[in-house]
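Student: First, the structure itself, so that you have it in front of you.
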């Protein structure tokens, strides 16, 4: 039976082609599949009765993710790549009882041969695969036997076999073939199977032209068909790169104060890997993506590609200056299409997050009761949650969200600019916001919450208790939302000794606490972003000689953003009644302080 989490995700699946990746509770990939319609295929696993090995697969699925492609052929190629990468257990065991998915095998013999097998043994042979089906493996084998022949007969028989006459056997049937000849062929076979098809194409082209020049038209046609095989399975799909350059493709989608980033890794002319990231926006989307890319390549273990592709919103010169990796914005063709596919997947991931939150929000029946029982509270109707946000100790803010009967009441949300704290200090920040919030409620004789949730650990909890008990003489239950390594709520801290209270990850109470954590974090980040942007804009203008409050407001009102002011000409600035001298000073100051200007100086 599918979990509530899976049930919710199933309702959000797109009716588009793509690949689905099934994972177990440890996050390990256990099955990879493809479909022309992801919604119908993935739902079928959980909505139809399964038996045998497939039933075991479904029982072990704790989560899944999808990668949307432009068509079924792209999904097919990506499925092959992912199966070869992850070698999922159930991709092997779900085939017929006699074996699993097919592999191409090069035997470990004096005169080696190639064949298709459903078994992998520890026999010293070289195995490549698995392939999604026997047809894909057979077609590849036929091509390789024609292109890079080894042995196709049963061994020495005193005379050349039929395959030798066809150019598909090196001749061990009637002579001794040097080991070096086999080794050279096997080296080329392995190179081809790993995606290096340029050499094979060039060789086929030369053979075809030679055959045509010698009027061997049947042979030329056969070679043409082999060339078309490579083109049909490698080059005519958007998922495959034409020039075999190692590329990383970045695209993003932003909404609701959150940023979704997708990275496609193109290696050996194939999409070899996809990475996705999801996090709140602190500055602008463009700045966040730029910083993310730079930090991404600052990781010691991260291999650098030959080229980076980014969307038009990102300045490729800045990326290049900071990473020393050539960075481009594709305008048309296949690269542009790959970039768009990355954006579509980024949008789907972010949309899924918020649609799941909406569904979780609807699951409030019983959630408050479960949480009340877990914390042994006398009643639980109203929760107030707090979080802080800052950037390197600047623009410190706090935010509060209110949940009543399990649902957010946005009319009661509150934002706080911290007055007494001028640097990152969890204790001081927490004490100030708690003091301000509940002093006000006491003065207004307003209702108090039944529970306070803090998006932090013992430091914040102790600060809250100190203010409530020692300054305000209030007894309001306080719990801390403890996060795991993925910054997700794992359990709660509660009680006099700050004891851990475990919540069932499948319970409605757990979903509710996660919803509260996400909401207060989002609200705090959004407020900080708003304040930081405003302060950045006003401070940059205020520091320009000749620009006072009136001129500053006039500029912001007419141009709307710092970027538009920066791009405005001296004449356009003068049209607002600004003197030529001040207008020139504004232009000079912006030119001197932009990130690009700073990097050019460096």
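Student: If a residue must be in contact with a helix residue (DSSP H, G or I) (Cβ under 9 Å, 6 or more places away or on another chain) and assigned to a loop (DSSP other than H, G, I, E, B), how many such residues does the stretch 114-123 contain?
Tutor: 2
Student: So for the stretch 415-423 (the condition being touching a residue at least 40 places away in the same chain (Cβ under 8 Å), surrounded by fewer than 17 Cβ atoms within 10 Å (Cβ to Cβ), more than 21 Å from residue 502 (Cα to Cα) and in the same structural domain as residue 379 (by TED's automatic domain parsing)), does at least one residue qualify?
Tutor: Going through the stretch 415-423, the residues touching a residue at least 40 places away in the same chain (Cβ under 8 Å) turn out to be 415, 417.
Now narrow it down to the ones that are surrounded by fewer than 17 Cβ atoms within 10 Å (Cβ to Cβ): 415, 417.
Still in the running and more than 21 Å from residue 502 (Cα to Cα): 415, 417.
Now drop any that are not in the same structural domain as residue 379 (by TED's automatic domain parsing), which leaves 415, 417.
Looking for residues that are touching a residue at least 40 places away in the same chain (Cβ under 8 Å), surrounded by fewer than 17 Cβ atoms within 10 Å (Cβ to Cβ), more than 21 Å from residue 502 (Cα to Cα) and in the same structural domain as residue 379 (by TED's automatic domain parsing), one finds at least one in the stretch 415-423, hence yes.
Student: Taking the conditions exactly as written (closer than 21 Å to residue 377 by Cα, part of a helix (DSSP H, G or I) and in contact with a strand residue (DSSP E or B) (Cβ under 8 Å, 6 or more places away or on another chain)), does residue 464 satisfy them or not?
Tutor: Values: closer than 21 Å to residue 377 by Cα: yes; part of a helix (DSSP H, G or I): yes; in contact with a strand residue (DSSP E or B) (Cβ under 8 Å, 6 or more places away or on another chain): yes.
So residue 464 fits the description; yes.
Student: Within the stretch 350-370, is there a residue that is over 30 Å from residue 494 (Cβ atoms), in contact with a strand residue (DSSP E or B) (Cβ under 8 Å, 6 or more places away or on another chain) and crowded, with 20+ Cβ neighbours inside 10 Å?
Tutor: Checked the stretch 350-370: at least one residue is over 30 Å from residue 494 (Cβ atoms), in contact with a strand residue (DSSP E or B) (Cβ under 8 Å, 6 or more places away or on another chain) and crowded, with 20+ Cβ neighbours inside 10 Å.
Student: Now, a different point. Residue 498 is checked against (1) in contact with a helix residue (DSSP H, G or I) (Cβ under 8 Å, 6 or more places away or on another chain); (2) more than 21 Å from residue 398 (Cα to Cα); (3) at pLDDT 90 or above and fails just one. What number does that condition carry?
Tutor: Among (1) in contact with a helix residue (DSSP H, G or I) (Cβ under 8 Å, 6 or more places away or on another chain); (2) more than 21 Å from residue 398 (Cα to Cα); (3) at pLDDT 90 or above, residue 498 violates only (3).
Student: Taking the stretch 537-571 as the region of interest, how many residues are within 37 Å of the chain's Cα centre (by Cα), surrounded by fewer than 16 Cβ atoms within 10 Å (Cβ to Cβ), modelled with pLDDT under 70 and part of a helix (DSSP H, G or I)?
Tutor: So the count comes out to 2.
Student: Considering only the stretch 28-78, state which residues are within 19 Å of residue 346 (Cα to Cα) and either assigned by TED's automatic domain parsing to the domain that holds residue 335 or assigned to a helix (DSSP H, G or I) (or both).
Tutor: Once the filter is applied, which keeps residues that are within 19 Å of residue 346 (Cα to Cα) and either assigned by TED's automatic domain parsing to the domain that holds residue 335 or assigned to a helix (DSSP H, G or I) (or both), the stretch 28-78 yields 38, 39, 74, 75, 78.
Student: Which numbered condition trips up residue 489, out of (1) exposed (fewer than 14 other Cβ atoms within 10 Å of the Cβ); (2) within 20 Å of residue 370 (Cα to Cα); (3) at pLDDT below 75?
Tutor: (1)
Student: A further question follows. Among the candidates 403, 386, single out the residue that is within 29 Å of the chain's Cα centre (by Cα), modelled with pLDDT of 90 or more, on the phi < 0 side of the Ramachandran plot and assigned by TED's automatic domain parsing to the domain that holds residue 504. Explain how you work it out, then say what you get.
Tutor: Numbers: 403 fails: within 29 Å of the chain's Cα centre (by Cα).
From the options 403, 386, the qualifying one is 386.
Student: Looking only at the stretch 499-510, which residues are more than 15 Å from residue 372 (Cβ to Cβ) and buried (at least 16 other Cβ atoms within 10 Å of the Cβ)?
Tutor: 505
Student: Which residues, taken from the stretch 211-225, are surrounded by 10 or more Cβ atoms within 10 Å (Cβ to Cβ) and assigned to a helix (DSSP H, G or I)?
Tutor: Initial filter on the stretch 211-225 (surrounded by 10 or more Cβ atoms within 10 Å (Cβ to Cβ)): 211-212, 214, 216-217, 219-225.
Passing the criteria: 211, 212, 217, 219, 220, 221, 222, 223, 224, 225.
Student: How many residues, within the stretch 429-459, are buried (at least 17 other Cβ atoms within 10 Å of the Cβ) and either farther than 18 Å from residue 402 by Cα or not assigned by TED's automatic domain parsing to the domain that holds residue 477 (or both)?
Tutor: So the count comes out to 3.
Student: Identify, please: which residue in the stretch 293-323 is closer than 26 Å to residue 65 by Cα and crowded, with 17+ Cβ neighbours inside 10 Å and is, among those, farthest from the chain's Cα centre (by Cα)?
Tutor: In this case the residue turns out to be 305.
Student: Step by step: first the residues of the stretch 265-283, then only those that are touching a helix residue (DSSP H, G or I) at 6+ places or on another chain (Cβ under 9 Å) and more than 20 Å from residue 353 (Cβ to Cβ), then the one that is surrounded by the most Cβ atoms within 10 Å (Cβ to Cβ). Which residue is that?
Tutor: Here the answer is 271.
Student: Something else now. Please determine whether any residue of the stretch 416-425 is out of contact with any helix residue (DSSP H, G or I) (no Cβ under 6 Å at 6 or more places or on another chain) and assigned to a strand (DSSP E or B).
Tutor: So far as the stretch 416-425 goes, yes, one or more of its residues are out of contact with any helix residue (DSSP H, G or I) (no Cβ under 6 Å at 6 or more places or on another chain) and assigned to a strand (DSSP E or B).
The values are calculated or read from the model by the stated rules, or taken from the named source; none is laboratory data. Model, not experiment: these values are computed from the prediction. Please note: Cβ atoms are built from the backbone with ideal geometry, for glycine as well, and neighbour counts cover all protein chains shown.
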